[in-house]
Amino acid sequence: MPNERTLQISELRYRRVFEAAKDGILILNADTGAVEDANPFMTELLGYTHDQFLGKHLWEIGLFSDLEQNGDSGFWVDGITGLTGALPQPPGFCEA
């Protein structure tokens, strides 16, 4: 079982990779699909501030602007556990 110091070192390493990555990374809430964190490259890529990402869903920031077209191909990744699941549908979304 890792001790507190080992956990702090692991968290620091993760944070450094997250912050320095040259790929856009979003961490989503596994239950709601809302953005909980975004790395700096993602803010540069899409032109949003970090705070503008927080609480938003993918379809609100333009990543899946046409959910009907994307259909079941949408997915999200829980950045903590690595589990994948279905993208939650936006309020009022009806399948044709």
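The values are calculated or read from the model by the stated rules, or taken from the named source; none is laboratory data. Nothing here was measured: the structure is a model prediction, and the numbers come from that model. We place every Cβ from the backbone using ideal geometry, glycine too, and count neighbours over all the protein chains shown.
Below, the figures for the structure above:
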item: Condition met for residue 5 (of a type outside the set (A, V, I, L, M), exposed (fewer than 10 other Cβ atoms within 10 Å of the Cβ), modelled with pLDDT of 50 or more and in a helix (DSSP H, G or I)); result: yes
item: Subset of the range 8-30 (residues that are over 22 Å from residue 42 (Cβ atoms) and either small (Gly, Ala, Ser) or surrounded by 13 or more Cβ atoms within 10 Å (Cβ to Cβ) (or both)); result: 10
item: Enumeration of residues in the range 27-39 that are out of contact with any helix residue (DSSP H, G or I) (no Cβ under 6 Å at 6 or more places or on another chain) and outside any loop (DSSP other than H, G, I, E, B); result: 27, 28, 36, 37
